[in-house]
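Notes follow once the structure below has been shown.
The values are calculated or read from the model by the stated rules, or taken from the named source; none is laboratory data. This is a predicted model, so every value here is computed, not measured. No Cβ is skipped: glycine too gets one built from the backbone with ideal geometry, and neighbour counts run over all protein chains shown. Accessible surface areas use protein heavy atoms only, side chains included; no ligands, DNA or RNA. Shrake-Rupley method; radii C 1.70, N 1.55, O 1.52, S 1.80 Å.
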Amino acid sequence: MLGPSVVWLGVFYLVPLALLLVQSFWTYDSVNVVTNQTPTLDRYRALASDPLYRDVLWKTVRLAALVTVTDIALAFPLAAFIAFRIRRKSLGLLLVIIPLWSSYLVRAYAWRTILGTDGVLNNFLVWSHILSHPSSALLFSNTAMYITFTHVWLPFMVLPLYTALEKVPPSLMEAARDLGANGPRVFRHVIVPLVLPGIIAGSIATFSLTMGDYITPGLLGGPDSNLIGNLIFTQFGGTLDWPLGSAISMLVLAVLACFLVLASRTGALEAQ
Amino acid sequence: MPGPLNRRTFLKRAAATAAGLAAAGSIPTGIAEAASRATRQESDRRNLTLICWQGYADPSFVRPFEQQNNCKVTATYAGSSDEMVAKWIAGHGNTYDLVSASGDATRRFMNSRTLLPVDVSKLKNFDKLFPKFYTPVWNTRNGQHFGVSFTWGPDVLIYDTRVFKKAPTSWHVIYDPAYKGKLSTADNPITIADVALYLGFKDCYNLTDAQLAKCKAQLQEQKPLLRKYWGGSGDLEDAFIHREVVASNAWPLMTNDLRKAHYPIGETIPREGATGWADTWMISKNSPNVDLAMKWIDYMIGPQGQKGVIDVTAYSGASRSAIPLLGPARVKALHMDNLSFFDELHMWAEPANYAKWQKIWNDVKA
């Protein structure tokens with residue numbers, strides 16, 4: 001039964017990645033894009049010597065980590081609420097999933113209308129006298145990107161977390177209680193270890209989605225909000241330096257690989 | 001700034017923003033492509049595909065062409081010349097039938113060996129072009145036409161007339177700390193030419209390394225003053241309408257759109273002069289729709305197409321064919337009675353060291 005999935009993975013994932021990898025060692029010319037196929041390390045040297053790429057990568061990793069941590073914090077109570085507190089679980093899940101039915105662009109655009117100087121949030125803050133005049137710090141900033149990413153990726157954290165929570169046997173929690181553990185202790189020593197695979201699965205989604213995004217910086221970011229995805233996009237969609245774009249992509253892949261290795265160290269991936 | 005709010009105006013504004021959101025047609029370019037692909041439907045009608053600037057495939061003049069020729073026109077809007085070149089060349093000219101190339105990109109298109117030489121004798125409206133557009137350097141090589149010019153215009157300074165009671169006389173306003181956080185500029189390496197003009201480098205497509213370094217320093221100084229870099233006309237218009245921005249460089253299309261929306265917008269050419277562009281329809285040599293593409297070009301330099309594109313964009317036409325339809329006042333306002341204005345503009349051209357321009361742009365932004 002493994003056959004089809006291996007083919008799928010190979011054709012749609014491994015082959016394109018291998019092509020990217022090979023291309024990253026080529027050079028480009030502006031007419032035929034990539035013709036000179038003598039391997040060179042030029043693009044990697046450029047990546048290593050120019051602080052631009054390091055700085056932007058680091059900025060993106062920090063943002064992706066922050067988004068992931070926030071999503072865990074937000075998704076936990078929500079997933080637990082659906083798993084333990086309500087009877088019509090499917091309705092709860094439906095409410096989480098519904099936003100996914102609308103375009104990602106619409107959701108990102110919604111934040112532009114909410115966070116704008118003349119936007120819903122500012123109007124509310126002024127109306128309720130929390131601010132004396134509208135703040136322009138909300139939109140077109142790294143904060144706006146952080147809020148948007150956190151919101152649009154949240155379902156990807158809630159769903160695996162819910163699945164994991166649902167599988168926690170209530171009898172275990174009761175037993176822990178009977179043995180004298182208080183709420184926080186049950187949470188830390190019983191629930192968290194059992195749902196760790198769900199947290200990791202969600203984190204992989206939110207982290208890698210943020211690492212690869214280049215739309216939100218353009219819609220909600222300010223003049224200083226270029227992420228690594230924008231640099232890759234510029235190479236493919238602007239300067240035509242595909243080898244450099246491929247090399248930067250490899251850099252992102254390396255970061256994600258490190259993240260996966262760390263995740264597998266926790267043992268969570270096997271448990272899945 | 002919004003005045004004091006009571007509950008009712010708050011709710012009204014919230015509803016208005018929600019309605020604006022529902023109608024959010026102004027999604028930046030690049031992204032628009034996915035949407036336009038989705039509308040590409042299967043049918044027996046032939047499909048003419050364009051990659052072009054915003055405003056060059058408006059339904060107001062595309063529909064009549066579709067009806068006259070029983071075809072479907074599908075346009076992909078690009079946000080920069082670089083994007084057009086990248087998408088065209090990545091598909092080796094197989095992705096689109098036509099491109100509306102600006103002067104800073106036409107050399108790259110001609111060098112790419114993906115263009116079909118155009119036999120202009122087959123275009124019945126060709127003779128009506130202003131003579132300056134018969135064999136311009138940006139689309140003609142050794143007497144061979146690699147496309148036909150159809151529009152031209154300046155890069156203008158636009159401003160909120162509530163903030164600027166009088167038209168600013170210098171590009172200085174978009175570098176002025178007094179308007180910190182209320183400024184924008186085009187997200188495009190060719191913007192460096194605008195900076196060069198502001199700094200007094202008249203030969204603005206032929207910059208030395210030292211001049212480029214000065215432009216870069218100027219851009220870095222400007223960056224903290226910017227609200228955002230704009231990536232397309234919808235992007236900038238949206239920023240003006242929501243009062244995020246009060247001054248920016250722009251295309252006449254934006255002034256036109258904002259005026260149609262009754263936004264208090266002013267447009268001016270500051271004393272340092274302005275860059276400008278002339279756009280050319282070019283045909284892919286791999287196009288399966290060459291006859292249709294030729295008809296499109298003829299249409300776009302004919303009276304109906306010229307009038308249509310001028311109405312939408314407020315750009316100047318490269319042809320005299322629409323002059324009777326436009327009327328003397330508009331012809332004068334568009335500088336189509338006297339092309340000396342064209343000669344005053346610093347027309348987009350591809351700098352020899354353009355790779356350096358692109359690198360500077362990436363460095364400044366990141």
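For A:ARG185, the conditions (1) surrounded by fewer than 17 Cβ atoms within 10 Å (Cβ to Cβ); (2) in contact (Cβ under 8 Å) with a residue 24 or more places away in the chain are fulfilled apart from (2). Cβ separations smaller than 7 Å between residues 6+ apart or across chains give the following pairs from the range B:196-213 residues that are in a helix (DSSP H, G or I) to residues that are at pLDDT below 95 and basic (Lys, Arg): B:LEU212/B:LYS356. The residues of the range A:136-161 that are aromatic (Phe, Trp, Tyr) and either without any contact (Cβ under 8 Å) to a residue 40 or more places away in the chain or within 13 Å of A:GLY221 (Cα to Cα) (or both), listed by number, are A:PHE140, A:TYR146, A:PHE149.
When the residues of the range B:337-365 are filtered to those that are away from chain A (no Cβ under 14 Å) and acidic (Asp, Glu), the one that is farthest from the chain's Cα centre (by Cα) is B:ASP337. If you go through the range B:182-194 one residue at a time, do you hit one that is among the polar types (S, T, N, Q), open to solvent by less than 20 Å² (accessible area, probe 1.4 Å), in contact with a helix residue (DSSP H, G or I) (Cβ under 7 Å, 6 or more places away or on another chain) and under 21 Å from B:GLU350 (Cα atoms)? Yes, the range B:182-194 has at least one match.
Which residue is surrounded by the fewest Cβ atoms within 10 Å (Cβ to Cβ), if the candidates are limited to the range B:302-333 and must be of a type in the set (A, V, I, L, M) and in contact with a Phe, Trp or Tyr (Cβ under 8 Å, 6 or more places away or on another chain)? Top of the filtered list is B:VAL312. Just one of the numbered conditions (1) surrounded by fewer than 21 Cβ atoms within 10 Å (Cβ to Cβ); (2) at pLDDT below 95; (3) in contact with a helix residue (DSSP H, G or I) (Cβ under 7 Å, 6 or more places away or on another chain) is not true of B:HIS242: (3).
Considering (1) modelled with pLDDT of 95 or more; (2) surrounded by fewer than 21 Cβ atoms within 10 Å (Cβ to Cβ), the lone condition that B:LEU339 does not fulfil carries the number (1).
Highlighted here are the helices (runs of 4 or more DSSP H) found entirely within the range A:130-243 that include at least 1 residues which are away from every other protein chain (no Cβ under 14 Å): A:142-166, A:170-178, A:183-186, A:192-212.
If you go through the range A:118-149 and keep only what is polar (S, T, N, Q) and open to solvent by less than 10 Å² (accessible area, probe 1.4 Å), you end up with A:ASN122, A:ASN123, A:THR148. For the range B:60-69, the criterion of a residue being modelled with pLDDT of 95 or more, part of a strand (DSSP E or B), surrounded by fewer than 24 Cβ atoms within 10 Å (Cβ to Cβ) and of a type in the set (Ser, Thr, Tyr) is satisfied by no position.
Whether a residue is open to solvent by 40 Å² or more (accessible area, probe 1.4 Å), of a type outside the set (D, E, K, R) and closer than 30 Å to A:GLY116 by Cβ was assessed, and A:GLY218 does not pass this test.
Screening the candidates B:PRO136, B:PRO117 for the property of being open to solvent by 10 Å² or more (accessible area, probe 1.4 Å) and either assigned to a strand (DSSP E or B) or away from every other protein chain (no Cβ under 14 Å) (or both) yields one hit, B:PRO117. Checked against the criteria, B:SER340 counts as over 30 Å from B:ARG113 (Cα atoms) and hydroxyl-bearing (Ser, Thr, Tyr). Only a single criterion out of (1) more than 14 Å from chain A (Cβ to nearest Cβ); (2) surrounded by fewer than 19 Cβ atoms within 10 Å (Cβ to Cβ) is not satisfied by B:ARG162, namely (1). Given the residues A:ILE86, A:ILE114, which is the only one that is more than 14 Å from chain B (Cβ to nearest Cβ) and among the β-branched types (Val, Ile, Thr)? Exactly one of A:ILE86, A:ILE114 is more than 14 Å from chain B (Cβ to nearest Cβ) and among the β-branched types (Val, Ile, Thr), namely A:ILE86.
Per-residue answers, yes or no, for (1) under 17 Å from A:GLY222 (Cα atoms); (2) hydroxyl-bearing (Ser, Thr, Tyr):
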site: A:SER103; (1), (2): no, yes
site: A:TYR109; (1), (2): yes, yes
site: A:LEU115; (1), (2): yes, no
site: A:VAL120; (1), (2): no, no
site: A:TRP127; (1), (2): no, no
site: A:PRO134; (1), (2): no, no
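Scanning the range B:94-113 for residues that are under 23 Å from B:ILE301 (Cα atoms) and within 12 Å of chain A (Cβ to nearest Cβ) turns up B:ALA105, B:ARG107, B:PHE109, B:MET110.
Would you mind stating whether A:PHE124 is over 20 Å from the mean Cα position of the chain (by Cα), within 14 Å of chain B (Cβ to nearest Cβ) and either without any contact (Cβ under 8 Å) to a residue 60 or more places away in the chain or part of a helix (DSSP H, G or I) (or both)? Spelling it out, A:PHE124 is indeed over 20 Å from the mean Cα position of the chain (by Cα), within 14 Å of chain B (Cβ to nearest Cβ) and either without any contact (Cβ under 8 Å) to a residue 60 or more places away in the chain or part of a helix (DSSP H, G or I) (or both). Looking across the range B:120-133, just one residue is assigned to a loop (DSSP other than H, G, I, E, B) and open to solvent by 30 Å² or more (accessible area, probe 1.4 Å), and that is B:LYS124.
Among the candidates B:VAL99, B:VAL73, B:VAL85, the residue that is under 22 Å from B:ALA318 (Cβ atoms) and surrounded by fewer than 24 Cβ atoms within 10 Å (Cβ to Cβ) is uniquely B:VAL73.
Quick one: is B:PRO168 free of Cβ contacts under 8 Å to residues at least 60 places away in the same chain, out of contact with any Asp or Glu (no Cβ under 6 Å at 6 or more places or on another chain), assigned to a loop (DSSP other than H, G, I, E, B) and surrounded by fewer than 23 Cβ atoms within 10 Å (Cβ to Cβ)? Answer is no for this residue. The conditions of being more than 14 Å from chain B (Cβ to nearest Cβ), open to solvent by 40 Å² or more (accessible area, probe 1.4 Å) and of a type outside the set (Val, Ile, Thr) are not met by A:ARG54.
Exactly one condition in (1) without any contact (Cβ under 8 Å) to a residue 24 or more places away in the chain; (2) within 26 Å of A:LEU115 (Cβ to Cβ); (3) buried (at least 23 other Cβ atoms within 10 Å of the Cβ) is false for A:THR210; which is it? The one condition A:THR210 does not meet is (1).
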